[in-house]
Amino acid sequence: MASGSNSLMWFRKGLRIHDNPALEYAAKNSSHVYPVFVIDPHYMKPDPTAFSPGSKFAGLNRIRFLLESLTDLDCSLKKISSRLLVLHGDPGDVVIRCLKEWDIKKLCFEYDTDPYYQALDRKVKNYALDSGVEIFSPVSHTLFNPAEIIQKNGGKPPMNCQLILKIAGEPHWLSSSLSTTVPTLPPVGDVGSCEISEVPTVKQLGYEDNQEDETPIFKGGESEALRRLRESINDKEWVAKFEKPNGDPSAFLKPATTMLSPYLKFGCLSSRYFYQCLKEIEKEVKHHTLPPVSLSGQLLWRDFFYTVGFGTVNFDRMRNNAICRQIPWNNDDELLAAWRDARTGFPWIDAIMVQLRKWGWIHHLARHSVACFLTRGDLFVHWEKGRDVFERLLVDSDWAINNGNWLWLSCSAFFYQYHRIYSPITFGKKYDPTGAYIRHFLPVLKDMPKEYIYEPWTAPLSIQTKANCIIGKDYPKPIISHEIASKECKNKIAAAYKLYKTNNGQVSDEDLQKLRRQMVDNLDHNQGTGSRRLKQQKLI
């Protein structure tokens with residue numbers, strides 16, 4: 001490539017200046033660098049038919065976070081003599097047009113393992129290669145290259161987190177000095193006839209910007225990511241003692257995690273830089289937790305799900321997914337809607353779902369609670385349905401991690417101790433016996449005595465009246481009997497596991513349909529047990 005030619009830096013994730021190898025390479029020996037972000041209607045176009053404000057694929061919380069991140073990136077670029085060029089349309093078509101219009105000789109973008117971007121990248125790469133454009137697409141969104149991990153593991157992704165370090169060792173860049181600043185960039189060249197805009201507002205995209213009654217807890221962008229990182233790692237003892245299974249899911253005034261996940265999802269914070277900071281603290285503090293439960297271990301979990309997702313065909317569905325147990329989940333849209341809309345009658349579950357909708361974030365143990373309740377614990381609704389709700393509402397929703405966790409929590413893959421169920425009553429109570437979390441997110445129950453806050457349907461009518469909350473009127477009755485439902489869910493999972501084992505993992509649609517019919521017959525035999533609501537589920 002001739003020195004002094006034009007480069008295009010295509011931002012997708014990786015919305016940052018620090019530790020951005022693609023941006024650094026774009027600047028080398030270039031006369032002009034065009035930093036581009038394409039507003040993709042596939043992701044951003046409003047969907048009036050969705051159950052909450054947002055597009056078909058993302059809720060408004062996440063769209064707002066992305067726009068804030070782009071505004072911050074534009075400000076950072078302007079400080080180094082550049083700017084963000086925002087275009088609209090199909091990203092593949094738009095980038096190909098830019099390559100032509102601006103006489104680009106070098107195309108740089110961060111490698112992405114998501115299936116949508118894999119297909120998009122093939123389209124753009126094919127054109128670039130045919131046109132003699134150099135392509136530089138480094139792996140910098142994860143600690144390791146998922147393809148290399150799979151290759152070193154004999155062509156298959158490792159099926160537990162601990163194997164990642166065993167296979168790869170420490171990352172090769174760990175002892176290097178990652179770039180945290182870029183002094184300056186070559187200027188943006190002539191944009192020709194391409195329509196360039198500023199970062200749009202949510203209103204300009206066609207949304208009503210109705211802020212919730214609570215101020216959003218996340219502000220998008222690299223600047224905020226680095227501020228939060230500094231704040232998190234400033235307490236070295238806290239970092240050293242962090243242990244993933246511990247933590248209070250009911251803590252909302254000061255959540256018991258770093259809350260950096262949205263910034264990692266969009267690449268506002270480099271996972272490599274974060275990991276490097278954590279390893280430095282581990283060197284300083286003699287006694288610290290270790291992977292997989294340590295903070296550095298959480299980044300390894302992230303790489304684990306990225307690697308398995310990248311190496312597994314149909315990772316995001318049950319059928320034709322080689323690692324997923326075939327289970328005859330029901331498709332009861334009424335139960336799904338009650339769970340999604342915080343109408344289950346179980347205050348712990350409903351409070352979590354209200355927090356999810358308002359904040360776009362919930363503690364990982366809260367995610368465990370509601371995912372278990374929807375799937376193998378109580379409602380036996382398909383994990384793909386819950387995955388779609390999380391995909392929409394979570395600011396930090398990430399294709400590989402979201403699918404991986406739903407596979408895990410539904411006991412469809414990775415984790416198979418299906419008898420270990422999160423109680424929708426006692427689990428939250430052990431962290432928050434007075435119900436402060438429930439009172440905050442379900443104000444209808446704010447005056448309910450603590451003795452009844454987790455099971456308000458058991459309160460005498462006089463107590464309900466005094467608390468200004470009549471169960472069945474002001475707050476719903478439980479949609480299910482947890483005691484009965486959890487037992488029946490265990491029986492169903494056990495039957496599905498047995499079928500899976502008997503058939504050596506080969507379970508057809510016909511096998512699942514037959515098992516569904518058997519489950520209905522079993523429910524018919526149990527009419528006297530009080531499982532009438534379960535019997536109504538759409539199992540066939």
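Among the candidates Y437, Y497, Y475, which residue alone is at pLDDT 95 or above, farther than 29 Å from L356 by Cβ, among the aromatic types (F, W, Y) and open to solvent by less than 50 Å² (accessible area, probe 1.4 Å)?
Y497
W408: without any contact (Cβ under 8 Å) to a residue 12 or more places away in the chain and either of a type in the set (A, V, I, L, M) or closer than 23 Å to P146 by Cα (or both), yes or no?
Against the criterion (without any contact (Cβ under 8 Å) to a residue 12 or more places away in the chain and either of a type in the set (A, V, I, L, M) or closer than 23 Å to P146 by Cα (or both)), W408 qualifies.
Tally up the residues in the range 171-203 that are without any contact (Cβ under 8 Å) to a residue 24 or more places away in the chain and under 26 Å from the mean Cα position of the chain (by Cα), please.
Step one: filter the range 171-203 for residues without any contact (Cβ under 8 Å) to a residue 24 or more places away in the chain, giving 172, 175-177, 203.
Remaining after also requiring under 26 Å from the mean Cα position of the chain (by Cα): 203.
Result for the range 171-203: 1.
Looking at the range 155-179 only, could you name the residues that are open to solvent by 70 Å² or more (accessible area, probe 1.4 Å) and within 30 Å of D74 (Cβ to Cβ)? Walk me through how you get there before you give the answer.
Filtering the range 155-179 down to residues open to solvent by 70 Å² or more (accessible area, probe 1.4 Å) leaves 156, 159, 162, 166, 170, 172, 175, 177.
Result: S177, single match.
Do we have any residue at all in the range 92-111 that's open to solvent by less than 60 Å² (accessible area, probe 1.4 Å), of a type outside the set (F, W, Y) and under 22 Å from I401 (Cα atoms)?
Checked against the condition, which is being open to solvent by less than 60 Å² (accessible area, probe 1.4 Å), of a type outside the set (F, W, Y) and under 22 Å from I401 (Cα atoms), the range 92-111 yields at least one hit.
Considering only residues that are β-branched (V, I, T) and surrounded by 15 or more Cβ atoms within 10 Å (Cβ to Cβ), which ones fall in the range 277-292?
As a first pass, look at the range 277-292 and keep what is β-branched (V, I, T): 281, 285, 289.
Selection gives I281, T289.
For the range 252-268, name all the residues that are open to solvent by less than 30 Å² (accessible area, probe 1.4 Å) and closer than 19 Å to K236 by Cα. Steps first, please.
Applying the first criterion (open to solvent by less than 30 Å² (accessible area, probe 1.4 Å)) to the range 252-268 yields 255, 258-260, 262-268.
Across the range 252-268, the qualifying residues are P255, T258, M259, L260.
Being modelled with pLDDT of 80 or more and either at positive phi or of a type in the set (A, V, I, L, M) (or both) is the filter here; which residues of the range 500-532 pass it? Steps first, answer last, please.
We begin by selecting, within the range 500-532, every residue modelled with pLDDT of 80 or more; these are 500-520.
N504, G505, V507, L512, L515, M519, V520, listed by residue number.
Suppose we keep only residues that are assigned to a strand (DSSP E or B) and hydroxyl-bearing (S, T, Y) within the range 2-34. Which one would you say is most open to solvent (accessible area, probe 1.4 Å)? Before you say what the answer is, go through the steps one by one.
If we filter the range 2-34 for residues that are assigned to a strand (DSSP E or B), which is where we start, we get 5-11, 30-34.
Filter once more, keeping what is hydroxyl-bearing (S, T, Y): 5, 7, 30-31, 34.
Numbers: S5: 16, S7: 0, S30: 17, S31: 46, Y34: 6 Å².
Restricting to residues being assigned to a strand (DSSP E or B) and hydroxyl-bearing (S, T, Y), the top hit is S31.
When the range 137-154 is examined, which residues are found to be crowded, with 18+ Cβ neighbours inside 10 Å and not in a loop (DSSP other than H, G, I, E, B)?
Result: P146, I149, I150.
From the list F57, F37, exactly one residue is touching a Phe, Trp or Tyr at 6+ places or on another chain (Cβ under 7 Å), under 21 Å from W399 (Cα atoms), open to solvent by 10 Å² or more (accessible area, probe 1.4 Å) and outside any loop (DSSP other than H, G, I, E, B). Which is it?
On inspection, the qualifying residue turns out to be F37.
Could you tell me how many of the residues in the range 188-204 are open to solvent by 70 Å² or more (accessible area, probe 1.4 Å) and under 17 Å from S82 (Cβ atoms)?
Here the count works out to 2.
Out of all the residues in the range 279-293, is one or more touching a residue at least 40 places away in the same chain (Cβ under 8 Å), within 21 Å of I401 (Cα to Cα) and either touching a strand residue (DSSP E or B) at 6+ places or on another chain (Cβ under 9 Å) or among the polar types (S, T, N, Q) (or both)?
no
C324 is checked against (1) closer than 30 Å to T142 by Cβ; (2) open to solvent by 10 Å² or more (accessible area, probe 1.4 Å); (3) outside any helix (DSSP H, G or I) and fails just one. What number does that condition carry?
(2)
Just to check your reading of the model, which residue among C489, C469 is touching a residue at least 12 places away in the same chain (Cβ under 8 Å) and more than 30 Å from S410 (Cβ to Cβ)?
C469
Taking into account only those residues within the range 375-430 that are under 27 Å from G221 (Cβ atoms) and among the small types (G, A, S), which is farthest from the chain's Cα centre (by Cα)?
So, considering only residues that are under 27 Å from G221 (Cβ atoms) and among the small types (G, A, S), the one farthest from the chain's Cα centre (by Cα) is G404.
Could you say whether any residue in the range 205-224 is among the aromatic types (F, W, Y), closer than 27 Å to H18 by Cβ and surrounded by fewer than 18 Cβ atoms within 10 Å (Cβ to Cβ)?
no
The values are calculated or read from the model by the stated rules, or taken from the named source; none is laboratory data. Bear in mind that the values here come from a model prediction, so they are computed numbers and not experimental data. Here Cβ is always computed from backbone atoms with ideal geometry, including for glycine, and neighbour counts include all displayed protein chains. We work out accessible area using only protein heavy atoms, side chains counted, and drop any ligands, DNA or RNA first. Shrake-Rupley method; radii C 1.70, N 1.55, O 1.52, S 1.80 Å.
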